[in-house]
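*Asks:* Structure provided below as structure tokens; questions to follow.
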Amino acid sequence: MPSHLPEILSQLNADMRSDSDWGEVAAYIPELAGIAPDQFGIAVATADGQLYSAGDAETPFSVQSVTKVFTLAVALGRSGDQLWKRVGREPSGRAFNSIVQLEAEEGRPRNPFINAGAIVVTDELLAGRAPRETLGEIVQFVRTAAEDEDIHINQRVAESENAHGHRNYALAHFLASTGNLKNAPEKTLGTYFHHCAIEMTARQLAMAGRFLIDSPQLPRMIMPPRIRRLNALMLTCGHYDGSGDFAYRVGLPAKSGVGGGILAIVPGVASVAVWSPGLNRYGNSLKGTEAMALLARQMGWSIF
Ligand code: GLU
């Protein structure tokens, strides 16, 4: 790993803090609405075992939709390609919580990273298991990936979203009406809100993302063909209707969440987690996206 990475990260941290436009925090989840937007942390875990960070890399944040990468990995491990009968693999070109597309496409969500798709993946994971067991399995996967047992679900965030998640309830009820939900909407959504409410620091998330680097130097949690496919979905669908823009600006597979986190993968090289809670108009971290673009350019990191 180039020796100037620590300097690049600390310069990025300084650059991000010198600008006053931090974006807007996700206010539709009341528990997240009070978070100060002017925070920024970044961490890079490399295939050769190094960890570099700058800024607020030790502040826990709600990973929200970044968890969808981990739940998809667990669901594919359990159900294999059967899962694709229930959810597609195409970019949506729509907002993360769009209802209109789900109706137009008769209840088969475009991909597993938009809300409707992740609700179906969660429903699939509940087959033959109680919510508590399913959540235990997801959290254990994340802890194993991060080699860190100190990763937990924030109950207050999960409850706050459950009490105000009307759009997600609309999506789940629509899925149920088309036969693409096997469990009661309350049960599937309760599980979904809880895994979205996992908290991690940027350091922990960068460590957890290493299972997607695909390097012989790292312990293997899933097989390489599946790693490549998860990365392909992250590139094409990981930033909702901002996925094309992120691929153009950054050129790396990545998944965002409305908590302001982004997990990006440099295949064969590193896992990068960046966090800044203010969002851009697509619901992706404003400063996180800017920082990823700068980091990728300065490091020469791109899959293209
Ligand atoms: N729990 C959030 C929701 O369902 C996740 C969305 C996101 O992070 O993009 O609205």
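The values are calculated or read from the model by the stated rules, or taken from the named source; none is laboratory data. Only a predicted model underlies this, so the values are computations on that prediction, with no experimental measurement involved. All Cβ positions, even for glycine, are placed from backbone atoms using ideal geometry, and neighbour counts span all protein chains on display. These area figures cover heavy atoms from the full protein model, side chains too; ligands, DNA and RNA do not enter into them. Shrake-Rupley method; radii C 1.70, N 1.55, O 1.52, S 1.80 Å.
*Asks:* Where the centre of each part is set by its Cα atoms, how far does the stretch 7-77 sit from the stretch 205-274, in angstrom?
*Replies:* Here the two parts' Cα centres lie 14 Å apart.
*Asks:* So what does Tyr240 come to for accessible area, using a 1.4 Å probe and Å² rounded to 10?
*Replies:* It works out to around 10 Å².
*Asks:* Here's a follow-up. Going highest first, how would you order 170-176, 59-65, 272-278, 105-111 by mean Cβ packing within 10 Å?
*Replies:* So the peptides 170-176, 59-65, 272-278, 105-111, ranked by packing, come out 272-278, 59-65, 170-176, 105-111.
*Asks:* On the accessible surface of the stretch 121-237, probed at 1.4 Å, how many percent belong to carbon and sulfur atoms? Spell out each step's value before the answer.
*Replies:* Working: 2690 of 5070 Å².
C and S atoms contribute 53 percent here.
*Asks:* Would you mind checking the stretch 223-251 for residues with the amide N under 17 Å from a putative spin-label position 7 Å along Cα→C-beta of Trp84?
*Replies:* So the set is 223-237.
*Asks:* Taking the Cα of Glu58, stepping 7 Å toward and past its beta carbon, and measuring to each backbone N in the stretch 2-22: which are under 14 Å?
*Replies:* none
*Asks:* Rounded to the nearest 500, what is the chain's calculated 222 nm mean residue ellipticity when only DSSP H runs of at least 4 contribute -39500 (n - 2.57) each, over all residues?
*Replies:* Value at 222 nm, helices only, nearest 500: -13500 deg cm²/dmol.
*Asks:* Under 23 Å Cα-Cα from Lys85, which lysines qualify once same-chain neighbours fewer than 8 residues away are excluded?
*Replies:* In chain and number order, the partners are Lys68, Lys182, Lys187, Lys255.
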